[in-house]
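Since every read-out is calculated from the coordinates, none of them should be taken as a lab result. None of the values given here were measured: they were computed from a predicted structure.
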């Protein structure tokens, strides 16, 4: 039986096109008050294929020939967050929280904003 790699890859890609969608994993976009929320996923695919054939004449084992092949793959799908829109503003909300250095870097914009607000308040109080 011959293994048709092109047909197998086509069937696999057709399957992925229909099944590996955000809607299949976590659902459709939805409204939450004034916000429109769109689920976002992380998707990964790994594929491998190998085949071979041979003819042999091994002492004490006879003559022979053979053909063999195999294929394998894996898919990983993970919900990672939501894109939310409100008016003309777009925000990404993660479903997992970061730890360590990543968490610190994610807080930098908020800290800068608070520092700027504090300086504005102090300046306003000093001129009043």
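Report the semi-axes of the equivalent ellipsoid for segment 5-96 in whole Å, largest first, where each axis is √(5λ) for an eigenvalue λ of the Cα gyration tensor.
Numbers: eigenvalues 511, 29, 13 Å².
That gives 51, 12, 8 Å for the three semi-axes.
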One quarter of the C-alpha convex hull surface, i.e. the mean projected area of segment 43-101 in nm², amounts to 9.3
